[in-house]
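Working notes, beginning with the structure itself.
The values are calculated or read from the model by the stated rules, or taken from the named source; none is laboratory data. Here the structure is a predicted model, which is why all the values come from computation and not from measurement. Here the Cβ positions follow ideal geometry from the backbone for every residue, glycine too, while neighbour counts run over all protein chains shown.
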Amino acid sequence: MTEVAGHHREDSSMNQQVAVRAAVTRRRERFRADGEQPVSVTPLWRRVVAEGIGTGLLVTIVVGSGIAAAKLSPDDVGLQLLENAFATALGLAVLILMIGPVSGAHFNPVVSVADWWLGRRTGNGLTAQDLGAYIPAQIIGAVLGAVLANLMYGEAAVSWSTTERTAPHLWLGEVVATAGLVVLIFALAASGRAAVAPAAVGAYIGSAYWFTSSTSFANPAVTIGRAFSDTFAGIAPGSVPGFVIAQIAGAAVGVGVLALLYPQAGRAADDVVTSHAETGASK
């Protein structure tokens, strides 16, 4: 009898959990169908500001640490790259922890586009309105972040980079870097491991500095921002279009890989890059 009672309690507990999950799903569907806004929704304007600040600080970290590395290790390019990669990996992880709860910490137009694309059929992730606000904020933030780094190190506020990065093997490196980033982010969300995204994404970018020929820009907004600094991390304006096209192609490859490995990844779009308040209509 005790054993039967134990099984009954376990079945009852499981049924309660299923009922709770079903209720949450129905609640989300009702909000989306009726246009009603749940209390947990973060206003779009606040998420946009967060994306601008986060992307700006990311570029400040990339450009600023590159300037510092060039000053501290002027005769060793390998050491400069190590210093730049280390600072970027740590800084990115911290920014995701700081900004993630507000906007998801995309900081990257291709991540935002992938989030919208994968989540559009299930009603998860960014809406078209969100996407139209996120991307400009990310680009503007990136440019201002480069200007801030320049000013902190006594450089001109804007100094167009003269570092040419135009070659097919570099574009291939960007395809690989961006595809890997997109797969990683959505794989973590789809498998319920978004909580480790700060460390995982930081580690991936840090390693991709070294295993990709392009040193892993993997971000159109950051690429545009880095054109505004003629320093170690810069990229000549004429090289930007090739990198951005390669990054878009890489994102498409990443989405294709996700369709094979994680076909339900779109259902987890609300947890990209990390778990955050539900998105919804702006206030």
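Here are some conditions: (1) part of a loop (DSSP other than H, G, I, E, B); (2) at pLDDT 95 or above; (3) surrounded by fewer than 23 Cβ atoms within 10 Å (Cβ to Cβ); (4) not aromatic (F, W, Y). R165 meets all but one. Which one does it not meet?
With (1) part of a loop (DSSP other than H, G, I, E, B); (2) at pLDDT 95 or above; (3) surrounded by fewer than 23 Cβ atoms within 10 Å (Cβ to Cβ); (4) not aromatic (F, W, Y) applied to R165, the lone miss is (3).
If R27 passes every condition in (1) at pLDDT below 95; (2) within 30 Å of A156 (Cα to Cα) but one, which one does it miss?
Only one criterion is unmet by R27, namely (2).
Please go through segment 193-208 and give me each residue that is of a type in the set (S, T, Y) and crowded, with 19+ Cβ neighbours inside 10 Å, ordered by number.
Y204
What number of residues within segment 176-208 are farther than 21 Å from N84 by Cα and not basic (K, R)?
Residues flagged as farther than 21 Å from N84 by Cα and not basic (K, R) within segment 176-208 amount to 15.
Give me the pairs, please: first residue somewhere in segment 197-211 and over 15 Å from V62 (Cα atoms) and in contact (Cβ under 8 Å) with a residue 24 or more places away in the chain, second residue anywhere and among the basic types (K, R) and buried (at least 19 other Cβ atoms within 10 Å of the Cβ), beta-carbon distance under 6 Å, and either six or more positions apart or on two chains.
none
Suppose we keep only residues that are in contact with a helix residue (DSSP H, G or I) (Cβ under 9 Å, 6 or more places away or on another chain) and not in a loop (DSSP other than H, G, I, E, B) within segment 148-161. Which one would you say is surrounded by the fewest Cβ atoms within 10 Å (Cβ to Cβ)?
M152
Quick check, is V176 of a type in the set (A, V, I, L, M) and more than 19 Å from L258 (Cα to Cα)?
Against the criterion (of a type in the set (A, V, I, L, M) and more than 19 Å from L258 (Cα to Cα)), V176 does not qualify.
Return the total of residues in segment 209-238 being touching a Lys or Arg at 6+ places or on another chain (Cβ under 8 Å), within 15 Å of T162 (Cα to Cα) and either of a type in the set (D, E, K, R) or surrounded by 20 or more Cβ atoms within 10 Å (Cβ to Cβ) (or both).
3
Kindly list the number of the only condition in (1) at positive phi; (2) free of Cβ contacts under 8 Å to residues at least 60 places away in the same chain that fails for G123.
(2)
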